[in-house]
Amino acid sequence: SMSSEYLVYVYPQPVVNITATETEICTDGEVTFTAHLNDPNAQNMTYQWYEIRNRQEINAIGRNADGSYIYDTINTPYRYEIPGATSPVYTSNFATTTTVGVVVFQTNSTCSDNDEIVIIVNPKPVVTAVTVNNGQSTQTVCNGAQITVAAEITPAGAQGAVYTWFRDNELIPGATQS
């Protein structure tokens, strides 16, 4: 005898890749992330953005000779789901280096995928000194004279530092060195 027809639906596995407007920023810099699906026409997809955070756990790992416990602190990473971050595009500001990810889930199947990206956060550089004419004792020059201006920043040699110079509140084109 033959059994009744039994339908099996096969859904393609979604694949997601994250792109970011920046992967290295200064403290409190803004980044916009986009979740790209391998099939842009995929239907019934949900998105949930998350950050990888660490939870400190204190575990008893043994006992001292007097019977008191010996403890160890372990940082356990976990996914912190960002409230309201449920669309293909997510924008945020970051104060520390952070791993950001997204889970995509197809609601009419159990198919899902995730991707993560690391955003490196560097301290904002601070101008600590500006010198004119290599620090010569006189700061007075005649109109039309050429001068050399230099800036020092902290942290020295800050990764990705960009210098912008102005004269009388007007940008000096091409002046991008310290």
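The values are calculated or read from the model by the stated rules, or taken from the named source; none is laboratory data. A quick note: this is a predicted structure, and the numbers were derived from the prediction, not measured. Counting neighbours? That spans all protein chains shown, and the Cβs are built from the backbone with ideal geometry, glycine included. Quick note on the areas: whole protein, heavy atoms, side chains included, nothing else; ligands and nucleic acids left out. Shrake-Rupley method; radii C 1.70, N 1.55, O 1.52, S 1.80 Å.
Quick notes on this structure:
- For the residues 114, 133, the requirement of being at positive phi and touching a residue at least 12 places away in the same chain (Cβ under 8 Å) singles out 133.
- Among the residues of the range 45-61, none qualifies, meaning not one is open to solvent by 70 Å² or more (accessible area, probe 1.4 Å) and on the phi > 0 side of the Ramachandran plot.
Per-residue answers, yes or no, for (1) open to solvent by 90 Å² or more (accessible area, probe 1.4 Å); (2) at pLDDT below 95; (3) closer than 20 Å to residue 113 by Cα:
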residue	(1), (2), (3)
19	no, no, yes
39	no, yes, yes
65	yes, yes, no
93	no, no, no
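- Checked against the criterion of being at pLDDT 80 or above and open to solvent by less than 70 Å² (accessible area, probe 1.4 Å), the range 124-140 contains one or more residues that satisfy it.
- Flag for residue 33 being in contact with a Ser or Thr (Cβ under 8 Å, 6 or more places away or on another chain) and open to solvent by 40 Å² or more (accessible area, probe 1.4 Å): no
Conditions (1) modelled with pLDDT under 95; (2) under 15 Å from residue 26 (Cα atoms); (3) open to solvent by 30 Å² or more (accessible area, probe 1.4 Å), marked per residue:
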site	(1), (2), (3)
72	yes, no, yes
82	no, no, no
86	no, no, yes
107	yes, no, yes
115	no, no, yes
